[in-house]
1. So in the stretch 131-176, with the set limited to residues that are outside any loop (DSSP other than H, G, I, E, B), within 21 Å of residue 223 (Cβ to Cβ) and in contact (Cβ under 8 Å) with a residue 60 or more places away in the chain, which one is most open to solvent (accessible area, probe 1.4 Å)?
2. So, in the stretch 177-211, how many residues would count as being among the β-branched types (Val, Ile, Thr) and open to solvent by 30 Å² or more (accessible area, probe 1.4 Å)?
3. When both residues are 6+ apart or on different chains and their Cβ atoms are under 6 Å apart, which pairs have a first residue that lies in the stretch 49-71 and is among the acidic types (Asp, Glu), and a second that is part of a strand (DSSP E or B)?
4. What's the total number of residues in the stretch 24-48 that are out of contact with any helix residue (DSSP H, G or I) (no Cβ under 6 Å at 6 or more places or on another chain) and touching a residue at least 60 places away in the same chain (Cβ under 8 Å)?
5. Hey, among 237, 208, 228, which residue is outside any helix (DSSP H, G or I) and over 27 Å from the mean Cα position of the chain (by Cα)?
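The values are calculated or read from the model by the stated rules, or taken from the named source; none is laboratory data. Every value quoted in this text rests on a predicted model; they were computed, and no experiment measured them. A quick note on method: Cβ atoms are made from the backbone with ideal geometry, for glycine too, and the neighbour counts reach across all protein chains shown. These area figures cover heavy atoms from the full protein model, side chains too; ligands, DNA and RNA do not enter into them. Shrake-Rupley method; radii C 1.70, N 1.55, O 1.52, S 1.80 Å.
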Amino acid sequence: MEGWDFSWLDGRATEERPPWGYQRLLAKRLPRVSAALDVQTGGGEVLAGVPAYPPLMVATESWPPNVAHATQLLHPRGVAVVADPDEPPLPFGAAAFDLVTSRHPVTVWWEEIARVLRPGGSYLAQHVGPASVFELVEYFLGPLPEKIRNGRHPDRARSDACAAGLDVVDLRIARLRIEFRDVGAVAWFLRKVIWMVPGFTVEAYRDRLRELHELIESDGPFVAHSTRYLIEARKPRER
């Protein structure tokens, strides 16, 4: 896996976008601050789509192919890309940034985010919500326990942010329609988003894939739903 580009699926799969327009929000907020950090930037595609950055713009990423891809995209625009294992501590001093952002982080280290934010600074992010694309996941794995289905619930994010000393000032959730129009799109997606069906290969799931192909041929696109939530958590100003 390299980068976070899903253009291969054009014409073969579609996903509804959240109403808040995360990249547009970044485009409004980033030029207004003096220093910003994008955590788990992936291949840098989302950040690269923002027209203007603050004087200091830094991004972190752990997956080596993505680090290289993000470097190619972002270094020419003055963004420092830092290879980081996505484990505490973040490699920055306390109160280093006015704004910390992230799109679909795997893990959120709230105490570290609070530490690197300046007083009055914000964490603005789009997270994957509970049971996202689980119609497809459970097609291959069968019904999953409720604990797993609710493992990314925004109420937990709110609680964890507050425990780290941040004030949640915005929290919005959306359920979004996905259509897979052929079985090749399903296989490509599951090989790209490798944590959906761990260990997925065409060989291991050939019979189930064949059944899905026949289902799509007879009934039309396979429909699933992703869940996303927007969260902004602010560090209180010093008194």
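1. So, considering only residues that are outside any loop (DSSP other than H, G, I, E, B), within 21 Å of residue 223 (Cβ to Cβ) and in contact (Cβ under 8 Å) with a residue 60 or more places away in the chain, the one most open to solvent (accessible area, probe 1.4 Å) is 135.
2. 4
3. Once the first residue is among the acidic types (Asp, Glu) and sits in the stretch 49-71, no partner that is part of a strand (DSSP E or B) comes close enough.
4. The qualifying residues number 10.
5. None of the others qualify; the one that does is 237.
For every residue, the table says whether it meets (1) under 20 Å from residue 193 (Cα atoms); (2) assigned to a loop (DSSP other than H, G, I, E, B).
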{"position": "18", "(1), (2)": "yes, yes"}
{"position": "36", "(1), (2)": "no, no"}
{"position": "42", "(1), (2)": "yes, yes"}
{"position": "52", "(1), (2)": "no, yes"}
{"position": "68", "(1), (2)": "yes, no"}
{"position": "73", "(1), (2)": "no, no"}
{"position": "87", "(1), (2)": "no, yes"}
{"position": "98", "(1), (2)": "no, no"}
